[in-house]
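The values are calculated or read from the model by the stated rules, or taken from the named source; none is laboratory data. Quick caveat: nothing in here was measured; it's all calculated off a predicted structure. Methodologically, a virtual Cβ is constructed for each residue, glycine included, from the backbone with ideal geometry; neighbour enumeration extends over all protein chains shown.
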Amino acid sequence: MNNILRLPLVCFLLLVTIAAAAEPMSHQRDSVWRHGHLYVNGYRVYADTAIWQGMHLKIDLFNPLLEGLRSKGKLQTYEVALNARLKNRYYPTLELGYAFGKTSATGTIHDGQGGFMRVGIDINGLKRHPESPHALLVGVRLGTAYQEYSLSHVKMNDTYWQAETYRDFLHQTQTDVWGEVLGGCQVVVASGFTMGWYLRFKVLFTRKATDGHVQPYYIPGFGYRDNVEWGFNYYVGWKF
């Protein structure tokens, strides 16, 4: 379990290194000096930011509200994201979150809590204005989640007695892994204050329960268990 949770963090560090070493894509530049500063395509360029343009710390506002309303307050997810901006083009990203609460399906009650982590990289699609503080992003993520949960009133078929019975599965654990393709934007509103969103398409890689346990209905950071899932985030944050 520890090895699985370390994998996205190792990938994040590798992506930062690769992106920092990558050559920027060629584009037409209109450079001019005004008042002792260099402006490229109308944007001021700082000599000490050839590779590094800072970081963004973001908090998701959408999912706590949506899941709280959908589950009538019984399910909550909280998430933060941290991304670096390198060479005006590449955004290595680390996302961390925590989910807890109850949900039910076909009479079975799922009660669990757990954390999740995603790591990946975004690429800025604004080719004409790479020095702009704003970004139109496309990217990929590798996600993993670990949770502890209990399932109550699970319907079972007794093949010997040819009857239906109900069982409780308490204190279960599960580790899940999935991949994502996403698109979105990030806008600097004023004085480093940022806003933006992501639309995510998720594919689950782990299709079997850990150690033969009964699978949970809900996966932190992924959603309700299915082979594929859609997700949406709306962030507010701070550039530093």
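Results, tabulated for the structure shown:
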quantity	calculated
Odd one out for G112, checked against (1) surrounded by 20 or more Cβ atoms within 10 Å (Cβ to Cβ); (2) modelled with pLDDT under 80; (3) closer than 29 Å to Y166 by Cβ	(2)
Every residue from segment 60-100 that is of a type in the set (G, A, S) and either crowded, with 20+ Cβ neighbours inside 10 Å or touching a helix residue (DSSP H, G or I) at 6+ places or on another chain (Cβ under 8 Å) (or both)	A81, A84, G97, A99
Residue list for segment 208-233, filter: of a type outside the set (G, A, S), over 18 Å from T108 (Cβ atoms) and within 20 Å of the chain's Cα centre (by Cα)	P220, F222, N227, V228, E229, W230, F232, N233
Among residues of segment 177-196, those that are over 30 Å from Y146 (Cβ atoms) and hydrophobic (A, V, I, L, M, F, W, C), counted	7
Candidate set from segment 90-114 (those that are hydroxyl-bearing (S, T, Y) and in a strand (DSSP E or B)); member that is farthest from R225 (Cα to Cα)	Y90
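Each row is one residue, and each column tells you yes or no for (1) in contact with a helix residue (DSSP H, G or I) (Cβ under 9 Å, 6 or more places away or on another chain); (2) among the charged types (D, E, K, R); (3) under 26 Å from I123 (Cβ atoms); (4) not in a strand (DSSP E or B).
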{"residue": "L170", "(1), (2), (3), (4)": "no, no, no, no"}
{"residue": "V177", "(1), (2), (3), (4)": "yes, no, yes, no"}
{"residue": "Q186", "(1), (2), (3), (4)": "no, no, yes, no"}
{"residue": "R200", "(1), (2), (3), (4)": "no, yes, yes, no"}
{"residue": "R207", "(1), (2), (3), (4)": "no, yes, no, yes"}
{"residue": "W230", "(1), (2), (3), (4)": "no, no, yes, no"}
